Amino acid sequence: MRLDDTDRRLLRRLLAEPNLTAGALAELAGVTQATASRRLDRMRRAGVIRGQRAVIDWARLGYEVEVSLRFTLDKTNPRAFDEFLAAARDVPEVTEIQTFLGKVDVRLHVIARDMGHYQQIYRDRILTLPHIAEIEALMQVAAISEREALPL
């Protein structure tokens, strides 16, 4: 789908303030509410806008520890990926799962209340995941930049 300047203005405003009403969004983008609604509906149908979501500050909810775990799987089993991913989805503290091509096969983002809680998750839930050949843990110290928007 090709975007024009009006589409880009709407998307920029929507990304900056996802809670805006259609009328406020239209006003900020310099179009009528009908135009904004029609354009946004078209972009949703085309899959450009896949949804809106809440961004949760886990630290404010008491999850002070964030760890990125990178896994290399034992790929001698043809179902290794599927079985690992299915089991990882069942770990409530896993907030993100990514797969890769290369040395690292999967990355899990894990949150925990504190180091004791993380150690419990790691021992009881992570180390029991199937087909692990190697794990590398990277503890997040600070989030310097978190951007989800492209320069439209």
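The values are calculated or read from the model by the stated rules, or taken from the named source; none is laboratory data. Since the structure is predicted, the reported quantities are computational estimates derived from the model, not experimental observations. Neighbour counts run over all protein chains shown; Cβ positions are idealised from the backbone, glycine included.
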* Asked: Between residues in segment 132-145 that are without any contact (Cβ under 8 Å) to a residue 12 or more places away in the chain and residues that are loosely packed, with under 11 Cβ neighbours inside 10 Å and in a strand (DSSP E or B), which pairs lie under 9 Å by C-beta distance while being six or more apart or on different chains?
  -> none
* Applying the selection to segment 102-132, what residues are assigned to a strand (DSSP E or B) and touching a helix residue (DSSP H, G or I) at 6+ places or on another chain (Cβ under 9 Å)? -> Val106, Leu108, Val110, Ile111, Ala112, Ile132
* Output the helices (runs of 4 or more DSSP H) that fall wholly within segment 18-101 and possess 1 or more residues being without any contact (Cβ under 8 Å) to a residue 40 or more places away in the chain and of a type in the set (Val, Ile, Thr), or say none. => 33-45
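Residues are listed down the side, and each one gets a yes or a no for (1) surrounded by fewer than 12 Cβ atoms within 10 Å (Cβ to Cβ); (2) touching a helix residue (DSSP H, G or I) at 6+ places or on another chain (Cβ under 9 Å); (3) modelled with pLDDT of 95 or more:
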site	(1), (2), (3)
Ala46	yes, no, yes
Ile49	no, yes, no
Gln52	yes, yes, no
Ile56	yes, no, no
Gly62	yes, no, yes
Thr72	no, no, yes
Pro78	yes, no, no
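Quick grid of which residues meet (1) of a type outside the set (Ser, Thr, Tyr); (2) touching a strand residue (DSSP E or B) at 6+ places or on another chain (Cβ under 6 Å); (3) over 21 Å from Val141 (Cα atoms); (4) not assigned by TED's automatic domain parsing to the domain that holds Glu134:
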{"site": "Phe81", "(1), (2), (3), (4)": "yes, no, yes, no"}
{"site": "Ala87", "(1), (2), (3), (4)": "yes, no, yes, no"}
{"site": "Asp90", "(1), (2), (3), (4)": "yes, no, yes, no"}
{"site": "Glu96", "(1), (2), (3), (4)": "yes, yes, no, no"}
{"site": "Thr99", "(1), (2), (3), (4)": "no, yes, yes, no"}
{"site": "Leu108", "(1), (2), (3), (4)": "yes, yes, no, no"}
{"site": "Arg113", "(1), (2), (3), (4)": "yes, no, no, no"}
{"site": "Gly116", "(1), (2), (3), (4)": "yes, no, no, no"}
{"site": "Gln119", "(1), (2), (3), (4)": "yes, no, no, no"}
